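Undergrad: For reference, the structure I am asking about is given below.
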Amino acid sequence: MNIGIVCYPTFGGSGVVATELGKALAQKGHKVHFITYRQPARLDFFSENLCYHEVVVNDYPLFDYAPYELALTSKLVDVAKFEKLDFLHVHYAIPHASAAYFAKQILKSQGIHINVITTLHGTDITLVGKDATYEPAVTFSINESDGVTAVSQSLMKDTFNNFDITNEIKVIPNFIDISRFQQKPKDYFKKATAPNNEKLIIHTSNFRKVKRVQDVVQVFKKINEKIDSKLLLVGDGPERNSIEKLCRDLGVCDKIMFLGKQVAIEEILSVCDLFLLTSESESFGLVALEAMAAKVPVISSNTGGIPEINIHGTTGFLSDVGNVNEMAENAIRLLSDSVMFAQFQDNAYEQAKKFDLEKIMPLYENFYREICEKNNCQETSII
Ligand code: GMT
């Protein structure tokens, strides 16, 4: 098949999933075209089946805001036409689904059919999308897509609850490439960060309010009072200053390392003992799944799609959002009991294997075929 993938090229989960999916489809022989404003962070791989098309937004003094969506639409038309795409698979509804709809209509006026698949990722529904600023456009473009997927049951339900949806939504969960996480532990990194064999606790996110990273720091402070430990904070974002201030106020700065944005997250996870995810809302929690793939148990909130991956009392523990006392108690219990800890490590890994790329990617391929059959379309190359 000939597939155009549209995503945010950043470190965010939706961009990671879109890029890893595209890479895997290309390895399987499909022709994949990434269409976005910057080369995706995880597009670190060469294949004759992969292409990257940059969306350039020309500025003009009249514009306070340069119209990215229009530039994207025109690029989609251009790539779809000249590369003979069968599909546009857009990740994150805003503004990708409406740009794809517009491109589809332009192509239709020229006698060209293209299938549009929209994958909903989370904040495009739960936070930003349902805001009145975007809601009518999001509802319309979801309903007009040829196929819609959501990354968890929870997100599918949220979409039906928050929007007037007349289209079907298929749940295809996020995935990880489990082989990426089977590397030798980076002992030198462990020695440098935890020279006295302290337990290493990790959190990774984009430090937005929705992640409640301040709760991570509060939980860590309580763990650290009982267990010699260090906290690694991976990522960066708008709450960074407030998080740093809290670390200072709590007097735990010397135990916390801000590592910034990291590509080789599997290498860092390979030396960690526990992952903390305290989000207010989380459609899936890809970062928690990555931790589990590296045999790191997860202490998390019980919100959104997290309970679909982190199993309470098996792969980690779940608590109500903001219940930092219970999160810390569970973490201490787990880190203090080596037998239970080893069991949780194995359970986490077994659970992550259920979400391996090898198992999930065929679900997308089948979905593409299903849409094609429904629309009676000719694929340029059926694999
Ligand atoms: O969490 C973010 O702010 C980033 C966002 C994104 O679009 O990259 O993540 C969302 O999509 C990920 C991949 O599907 C999910 O694993 C995250 O749970 C989801 N974030 C939220 O729902 C807050």
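The values are calculated or read from the model by the stated rules, or taken from the named source; none is laboratory data. Everything numeric in this text was worked out from a predicted model, so none of it was measured. All Cβ positions, glycine included, derive from the backbone under ideal geometry; neighbour counts span all protein chains shown.
Undergrad: With a cut-off of at least 2 residues that are within 16 Å of the ligand (Cβ to nearest atom), free of Cβ contacts under 8 Å to residues at least 40 places away in the same chain and of a type outside the set (A, V, I, L, M), name the strands (runs of 3 or more DSSP E) lying wholly within the range 1-104.
TA: Values: elements: 2-6, 31-36, 50-54, 87-91.
Here the list reads 31-36.
Undergrad: From the list Leu246, Leu259, Leu277, pick out the single residue that is buried (at least 24 other Cβ atoms within 10 Å of the Cβ) and of a type in the set (A, V, I, L, M, F, W, C). Working first, answer last.
TA: Working: Leu246 fails: buried (at least 24 other Cβ atoms within 10 Å of the Cβ); Leu259 fails: buried (at least 24 other Cβ atoms within 10 Å of the Cβ).
Sole residue among the options that is buried (at least 24 other Cβ atoms within 10 Å of the Cβ) and of a type in the set (A, V, I, L, M, F, W, C): Leu277.
Undergrad: Oh, and also: For the range 125-140, give me each residue that is among the small types (Gly, Ala, Ser) and either within 12 Å of the ligand (Cβ to nearest atom) or part of a helix (DSSP H, G or I) (or both). Break it down stepwise before answering.
TA: Initial filter on the range 125-140 (among the small types (Gly, Ala, Ser)): 129, 132, 137.
Within the range 125-140, Gly129, Ala137 qualify.
Undergrad: In the range 355-367, which residues are within 15 Å of Val171 (Cα to Cα) and more than 17 Å from the chain's Cα centre (by Cα)?
TA: Lys359, Pro362, Leu363, Glu365, Asn366, Phe367
Undergrad: For the range 153-238, please list each of the helices (runs of 4 or more DSSP H) lying entirely inside it that holds at least 1 residues being in the same structural domain as Val321 (by TED's automatic domain parsing). Let's see the steps before the verdict.
TA: On the way: elements: 153-162, 187-193, 213-226.
By residue number, 187-193, 213-226.
Undergrad: Assuming Gly122 fulfils every condition listed in (1) of a type outside the set (Val, Ile, Thr); (2) on the phi < 0 side of the Ramachandran plot; (3) surrounded by 15 or more Cβ atoms within 10 Å (Cβ to Cβ); (4) within 16 Å of the ligand (Cβ to nearest atom) apart from one, which condition is it?
TA: Unmet condition: (2).
Undergrad: Condition first: among the acidic types (Asp, Glu), away from the ligand (no atom under 16 Å from the Cβ) and surrounded by fewer than 21 Cβ atoms within 10 Å (Cβ to Cβ). Can you find one or more residues in the range 174-181 that meet it? Reasoning before the result, please.
TA: First pass over the range 174-181, keeping only residues among the acidic types (Asp, Glu): 177.
Next, only the ones that are away from the ligand (no atom under 16 Å from the Cβ) stay: none.
No: the range 174-181 contains no residue that is among the acidic types (Asp, Glu), away from the ligand (no atom under 16 Å from the Cβ) and surrounded by fewer than 21 Cβ atoms within 10 Å (Cβ to Cβ).
Undergrad: If you don't mind, there's one more thing I want to ask. If you check Glu280, Glu308, Glu267, Glu326, which single one turns out to be within 28 Å of Ser229 (Cβ to Cβ), within 16 Å of the ligand (Cβ to nearest atom) and of a type in the set (Asp, Glu)?
TA: Working: Glu308 fails: within 28 Å of Ser229 (Cβ to Cβ); Glu267 fails: within 16 Å of the ligand (Cβ to nearest atom); Glu326 fails: within 16 Å of the ligand (Cβ to nearest atom).
Residue meeting the stated conditions: Glu280.
Undergrad: Please verify whether Ala288 is of a type in the set (A, V, I, L, M, F, W, C), surrounded by 14 or more Cβ atoms within 10 Å (Cβ to Cβ), within 16 Å of the ligand (Cβ to nearest atom) and under 30 Å from Lys31 (Cα atoms), treating the condition exactly as stated. Talk me through it step by step, then tell me what you get.
TA: Details: of a type in the set (A, V, I, L, M, F, W, C): yes; surrounded by 14 or more Cβ atoms within 10 Å (Cβ to Cβ): yes; within 16 Å of the ligand (Cβ to nearest atom): yes; under 30 Å from Lys31 (Cα atoms): no.
Taking the combined requirement at face value, the residue does not satisfy it.
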